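Reading through the structure tokens given below for one structure.
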């Protein structure tokens, strides 16, 4: 009998089959979002590759609408990076969970080895077509087309041509259906604009489906530092992480292992450890470390005073750059930029939070210029996060702030733009689509503190502007009555009206020195209010 | 030079490694949530297994706190299902993407083949321990302990004992750290309570860390129908799905393939198809179907009038059961239960939406009895969804309703509880943690329509209650003055005061027949207002 045994259908599946059935987990749900996801995957790969190869990144995205009804588009992504070697083209673009990023402790936008292969998948299941790749790598230019064998999660690669040539870079051409281009805040244009804001060293060219060319020019001619692998910080390490590190270690003794593996580990710290753990043999092979020992070591880590994690390997956008970008787009009445000190979360993973808060000017307005409501621009390692705001640690932090304390009736309707970037060697995204950051307490707290720091500065600004405006307003109101009052007093006292008026005017001018006020206000409204986060 | 070539570090990874590094994607973030996730995975597996084996499900969850500081708990889950055969114990509990559910078109709570293996993983990375399993399957009772080899995503299984015995079922014992039990709305108690509400055929016993025993008794002694695989509906099928079905088909001709594969496919429908597609050979081997042909077939599917998808294979909770459950917990002043007709979303996948709306009584109150705000209880295939509400289609629908149109000033503060369940052979969860449903337009719309239908009934109730209350209030106000007015009129007219008072009373009683009003109101407040969704 069919199905009599409920286990007769027991099967194993590949990760490619899993994401094929659950494409929404990679960001392929909704036509606009699907297109933005594709561009996101290609652009972040290009930025990562250029930074690793120490190249000033140029990236071009071209969208062509092939059929409106079915949402059929061709996407071409070109960069000037190092290209991909022939033997890895299939794995990089047609196999899930393969790549250089997943296992390394290094700050990059991609970190899962899924993204570009996910686009190949989406192309394949919506159009049945292969994805075309042209790679210029170390003197060779190779054209290939590829897709994914879902059963095995391996790439099928067909080489189309090989030639010698100096050009380096990568061109990917893919066709998909069920997508849509628009200029909404979750669309490709806004995505690229925000990418440019957070990556001033990058030149982005966007050719939209109407063949209009939009250029987001490079504003800094400096290659950002090449991201480096970093050593984990002992604080916050979990037993399991320590076991992993120890068991794949090549050092001969536990002593050496500690030195080589962790940041902030000095002679005296290892000595402290040894004193706290007399029952553990520090000359033993780290591969033979047992769980209970690792457990004790983790507890001992918590008892030692450590220097904060190093910022090596973490590259925030930078205060000056955030300032420049926000002034350019928002022309705010007031601006504060906060760069928090590095902190760590679960597993000893360091991260840095940056907060820019613009108030007034075009802050809180949407792209079309309408006053809408406050705007929160979220970034993870400089990549814009446009979706799933509701489940993101950043929005949780924004909501947790008591904005009334900072002089706002309602944050929602205030003319505020918050730009928040989290930099880390591993950002804990809630899903493979990498659009929201999990609510790790340390991250939520840090973002919250950053916002509060910026909000305090904003409050001082709002108060001073409000007070000055009030003084000017009062003075004007009083001056409005001065002529009538002077005439009435003149009638009662028989003193000439103009004398009384002069006297009263003088009195008022003395009490309300509005020349100073007006100058202050003008400064506050124009640039004086744009503090540098230091005052 | 180390790292000179950025590709020297290119590696492939297993899906187990992926989720180990990204445990938050499986719901392991936050101490309370992690514990609820564990219970969720075990309980849904037990419910699914019992339904497949046609057994009335008994499930017991026991939590023991072993160490408060490290959040060290032991979790024991026991059910009376069919157990697991020896050769599959490792795969079912120690290998990701393996199981009976992923590839079948069948309504179950689990659908990914990740859940229980995810718990084994979490136990392993927080305590280094194995998970113990006792399985009674077809006369054999087997004890084993197991964990995951992360490199290969295979289980390590050690059999501890084997014996003959009639007991059938599954007992899983696992230890984890970094979790916490509390009675919050996202905790285990609330999770089990809601599971009981949506699964009245199940007896749930919960032994909390204080050794208190909570029993959620079975309220229906009827085994729910065994879920059956269903055939997909032609409407909404994507080309890629059709290619998949055709290429793994065993029929000899396309003609046969259509009959066997799809629901609602009749002789006349296949004839219509043939007429629309004269260029396609319906006698060809389905394995040889080409993309362009599949594309044409999909377009032809859209042109034919189909009968709506069958409800076979989809098992909603049922109107009566929702009614009983909501009256039991909420004692609402008003209740409407809506069961919508089946609809389909992407890929021809049918689903059914059920909406219960309770107003007044204990509606909108939290567990501790405080009036908090409106409450939305989300369910996917009868499993409670407690997390990630912000990114869920259900909440999106609730927000999209203009509640003012239904007589509410603000939905947020109204004494309302919404219970919404989506039943489908494949629910498009946003993540592997299965806590939010992706915003597929068809699903958002259906839930919205269901809510609006319920809200219209609520509005009628609110209006009638409000009007009746107003009439009673007016009458009382007038009666308050009648004595004084009668005396004044008596003084002016010399007619006896009591005569005037009698006359006026009679007049008022005629105009405001409050005996009827009071009776109506009483009925509306007690049970008359609890409509059956039909009026």
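Out of the residues in segment A:381-429 that are in a helix (DSSP H, G or I) and at pLDDT below 85, which is surrounded by the fewest Cβ atoms within 10 Å (Cβ to Cβ)?
Only one residue fits best here, namely A:390.
For segment A:141-152, indicate whether the set of residues that are within 21 Å of residue A:13 (Cα to Cα), under 31 Å from the mean Cα position of the chain (by Cα) and within 14 Å of chain B (Cβ to nearest Cβ) is non-empty.
yes
Scan segment B:153-167 for residues that are away from chain A (no Cβ under 12 Å) and either within 27 Å of residue A:13 (Cβ to Cβ) or surrounded by 21 or more Cβ atoms within 10 Å (Cβ to Cβ) (or both) and jot them down.
Once the filter is applied, which keeps residues that are away from chain A (no Cβ under 12 Å) and either within 27 Å of residue A:13 (Cβ to Cβ) or surrounded by 21 or more Cβ atoms within 10 Å (Cβ to Cβ) (or both), segment B:153-167 yields B:156, B:157, B:158, B:159.
Among the listed residues A:28, A:7, A:18, which satisfies the condition of being touching a helix residue (DSSP H, G or I) at 6+ places or on another chain (Cβ under 7 Å) and facing chain B (nearest Cβ under 9 Å)?
The unique qualifying residue is A:7.
Looking only at segment B:209-232, how many residues end up being under 24 Å from the mean Cα position of the chain (by Cα) and more than 23 Å from residue A:150 (Cβ to Cβ)?
Adding up the residues that qualify gives 15.
So residue B:356 clears everything in (1) modelled with pLDDT of 90 or more; (2) closer than 21 Å to residue B:460 by Cα; (3) in a loop (DSSP other than H, G, I, E, B) except one condition, right? Which one?
(3)
Assess whether residue B:355 counts as being touching a strand residue (DSSP E or B) at 6+ places or on another chain (Cβ under 8 Å) and in contact (Cβ under 8 Å) with a residue 40 or more places away in the chain. Before you say what the answer is, go through the steps one by one.
Details: touching a strand residue (DSSP E or B) at 6+ places or on another chain (Cβ under 8 Å): yes; in contact (Cβ under 8 Å) with a residue 40 or more places away in the chain: yes.
Judged against the criteria, residue B:355 is a match.
So residue A:33 ticks every box in (1) at the interface with another protein chain (Cβ under 10 Å from one of its Cβ atoms); (2) more than 30 Å from residue B:99 (Cβ to Cβ) but one. Which box is left unticked?
(2)
Criterion first (surrounded by fewer than 18 Cβ atoms within 10 Å (Cβ to Cβ) and in contact (Cβ under 8 Å) with a residue 60 or more places away in the chain) does residue A:174 satisfy it? Before you say what the answer is, go through the steps one by one.
Numbers: surrounded by fewer than 18 Cβ atoms within 10 Å (Cβ to Cβ): no; in contact (Cβ under 8 Å) with a residue 60 or more places away in the chain: yes.
Criteria not met by residue A:174.
Can you find a residue in segment B:73-90 that is surrounded by fewer than 17 Cβ atoms within 10 Å (Cβ to Cβ), within 13 Å of chain A (Cβ to nearest Cβ), out of contact with any strand residue (DSSP E or B) (no Cβ under 8 Å at 6 or more places or on another chain) and part of a strand (DSSP E or B)?
No, segment B:73-90 contains no residue that is surrounded by fewer than 17 Cβ atoms within 10 Å (Cβ to Cβ), within 13 Å of chain A (Cβ to nearest Cβ), out of contact with any strand residue (DSSP E or B) (no Cβ under 8 Å at 6 or more places or on another chain) and part of a strand (DSSP E or B).
In segment A:430-487, what count of residues is obtained for those that are within 14 Å of chain B (Cβ to nearest Cβ) and assigned to a helix (DSSP H, G or I)?
Residues in segment A:430-487 being within 14 Å of chain B (Cβ to nearest Cβ) and assigned to a helix (DSSP H, G or I): 5 in total.
Just to be sure, is residue A:286 under 34 Å from the mean Cα position of the chain (by Cα), more than 14 Å from chain B (Cβ to nearest Cβ) and surrounded by 15 or more Cβ atoms within 10 Å (Cβ to Cβ)?
The answer is no for residue A:286.
Consider residue A:56 against the criteria (1) within 14 Å of residue A:174 (Cα to Cα); (2) away from every other protein chain (no Cβ under 14 Å): it satisfies all of them except one. Which criterion is unmet?
Unmet for residue A:56, out of (1) within 14 Å of residue A:174 (Cα to Cα); (2) away from every other protein chain (no Cβ under 14 Å): (1).
Residues in segment B:185-202: is at least one touching a residue at least 24 places away in the same chain (Cβ under 8 Å) and over 20 Å from the mean Cα position of the chain (by Cα)?
The answer is no, given that none of the residues of segment B:185-202 is touching a residue at least 24 places away in the same chain (Cβ under 8 Å) and over 20 Å from the mean Cα position of the chain (by Cα).
Consider segment A:383-395. How many of its residues are within 9 Å of chain B (Cβ to nearest Cβ) and in contact with a helix residue (DSSP H, G or I) (Cβ under 8 Å, 6 or more places away or on another chain)?
6
Would segment B:323-340 turn up any residue that is within 20 Å of residue B:235 (Cβ to Cβ), in contact with a helix residue (DSSP H, G or I) (Cβ under 9 Å, 6 or more places away or on another chain) and either in a strand (DSSP E or B) or in contact (Cβ under 8 Å) with a residue 24 or more places away in the chain (or both)?
Yes, because at least one residue in segment B:323-340 is within 20 Å of residue B:235 (Cβ to Cβ), in contact with a helix residue (DSSP H, G or I) (Cβ under 9 Å, 6 or more places away or on another chain) and either in a strand (DSSP E or B) or in contact (Cβ under 8 Å) with a residue 24 or more places away in the chain (or both).
Results for (1) over 30 Å from residue A:414 (Cα atoms); (2) more than 14 Å from every other protein chain (Cβ to nearest Cβ); (3) surrounded by fewer than 19 Cβ atoms within 10 Å (Cβ to Cβ); (4) modelled with pLDDT of 90 or more, shown as yes or no for each residue.
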{"position": "A:232", "(1), (2), (3), (4)": "yes, no, no, no"}
{"position": "A:277", "(1), (2), (3), (4)": "yes, yes, yes, yes"}
{"position": "A:281", "(1), (2), (3), (4)": "yes, yes, yes, yes"}
{"position": "A:310", "(1), (2), (3), (4)": "yes, yes, yes, no"}
{"position": "A:318", "(1), (2), (3), (4)": "no, yes, yes, yes"}
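Would you confirm, using the coordinates I've provided, whether residue B:218 is surrounded by 21 or more Cβ atoms within 10 Å (Cβ to Cβ), under 30 Å from residue B:417 (Cα atoms) and out of contact with any helix residue (DSSP H, G or I) (no Cβ under 7 Å at 6 or more places or on another chain)?
It is false that residue B:218 is surrounded by 21 or more Cβ atoms within 10 Å (Cβ to Cβ), under 30 Å from residue B:417 (Cα atoms) and out of contact with any helix residue (DSSP H, G or I) (no Cβ under 7 Å at 6 or more places or on another chain).
Which members of segment A:96-139 meet the condition of being more than 10 Å from chain B (Cβ to nearest Cβ), more than 13 Å from residue A:38 (Cα to Cα), modelled with pLDDT of 90 or more and in contact with a helix residue (DSSP H, G or I) (Cβ under 8 Å, 6 or more places away or on another chain)?
Result: A:130, A:133, A:135.
Within segment A:236-246, track down each residue that is more than 10 Å from chain B (Cβ to nearest Cβ) and either part of a loop (DSSP other than H, G, I, E, B) or over 10 Å from residue A:294 (Cβ atoms) (or both).
Within segment A:236-246, A:236, A:237 qualify.
Mind telling me which of the residues B:292, B:263 ends up being assigned to a loop (DSSP other than H, G, I, E, B), without any contact (Cβ under 8 Å) to a residue 60 or more places away in the chain and closer than 21 Å to residue B:245 by Cβ? Full working, then the answer.
Numbers: B:292 fails: assigned to a loop (DSSP other than H, G, I, E, B).
Answer to the check: B:263.
Taking residue A:63, is it at pLDDT 95 or above, assigned to a helix (DSSP H, G or I) and more than 9 Å from chain B (Cβ to nearest Cβ)?
The answer is no for residue A:63.
Based on what the data block shows, is residue A:375 over 25 Å from residue A:187 (Cβ atoms) and either within 14 Å of chain B (Cβ to nearest Cβ) or at pLDDT 85 or above (or both)? Can you show your working first?
On the way: over 25 Å from residue A:187 (Cβ atoms): no; either within 14 Å of chain B (Cβ to nearest Cβ) or at pLDDT 85 or above (or both): yes.
So residue A:375 does not fit the description; no.
Before we move on, is residue B:294 within 30 Å of residue B:109 (Cα to Cα) and within 37 Å of the chain's Cα centre (by Cα)?
no
Output the residues belonging to segment B:455-482 that are more than 30 Å from residue B:403 (Cα to Cα) and loosely packed, with under 14 Cβ neighbours inside 10 Å.
B:476, B:477, B:480, B:481
The values are calculated or read from the model by the stated rules, or taken from the named source; none is laboratory data. Computed from a predicted structure; not experimentally measured. Neighbour counts are summed over all protein chains in view; Cβ atoms, including those assigned to glycine, are modelled from backbone coordinates with ideal geometry.
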